[in-house]
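Q: For reference, the structure I am asking about is given below.
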């Protein structure tokens with residue numbers, strides 16, 4: 001889980017210093033499956049360009065129209081894969097990219 005600063009900016013887990021451990025095949029497959037949908041790639045791109053984003057902001061700013069429930073399901077998949085992290089703040093959840101998760105995906109794909 002992540003925390004937020006007083007200004008609402010997500011504080012993601014620290015990036016591992018040095019090379020990231022290459023994930024095993026099962027983990028890499030899970031990461032790849034998590035990004036195997038155009039909407040999830042769009043969500044990751046959106047979050048990568050912002051410090052923090054609530055589900056409602058993601059729905060409003062995606063280049064493709066999706067229902068909030070659909071976006072929530074995509075965020076759940078990305079969160080379970082370790083590619084995004086979320087912090088519940090009352091009725092809202094703020095999401096951020098998990099840089100460590102993205103680095104693990106990159107390291108795994110680089111070994112192919």
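The values are calculated or read from the model by the stated rules, or taken from the named source; none is laboratory data. Values in this document were obtained by computation on a predicted structure and should not be read as measured data. Here Cβ is always computed from backbone atoms with ideal geometry, including for glycine, and neighbour counts include all displayed protein chains.
Q: Helices (runs of 4 or more DSSP H) wholly in the range 1-97 with at least 2 residues that are at pLDDT below 95 and within 28 Å of residue 107 (Cβ to Cβ) - which ones?
A: Correct list: 38-48.
Q: Within the range 41-51, identify whether any single residue is in contact with a strand residue (DSSP E or B) (Cβ under 7 Å, 6 or more places away or on another chain), without any contact (Cβ under 8 Å) to a residue 40 or more places away in the chain and under 20 Å from residue 103 (Cα atoms), and answer yes or no. Spell out the reasoning first.
A: Start the filter on the range 41-51 by keeping residues that are in contact with a strand residue (DSSP E or B) (Cβ under 7 Å, 6 or more places away or on another chain), which leaves 44, 46-48, 51.
Imposing the further condition that a residue be without any contact (Cβ under 8 Å) to a residue 40 or more places away in the chain reduces the set to 46.
In the following step, the residues that additionally are under 20 Å from residue 103 (Cα atoms) were identified as 46.
Yes; the residues of the range 41-51 include at least one that is in contact with a strand residue (DSSP E or B) (Cβ under 7 Å, 6 or more places away or on another chain), without any contact (Cβ under 8 Å) to a residue 40 or more places away in the chain and under 20 Å from residue 103 (Cα atoms).
Q: Collect the residues in the range 69-87 that are over 10 Å from residue 34 (Cα atoms), surrounded by fewer than 20 Cβ atoms within 10 Å (Cβ to Cβ) and in contact with a strand residue (DSSP E or B) (Cβ under 8 Å, 6 or more places away or on another chain), keeping them in residue-number order.
A: Hit for the range 69-87 is 87, nothing else.
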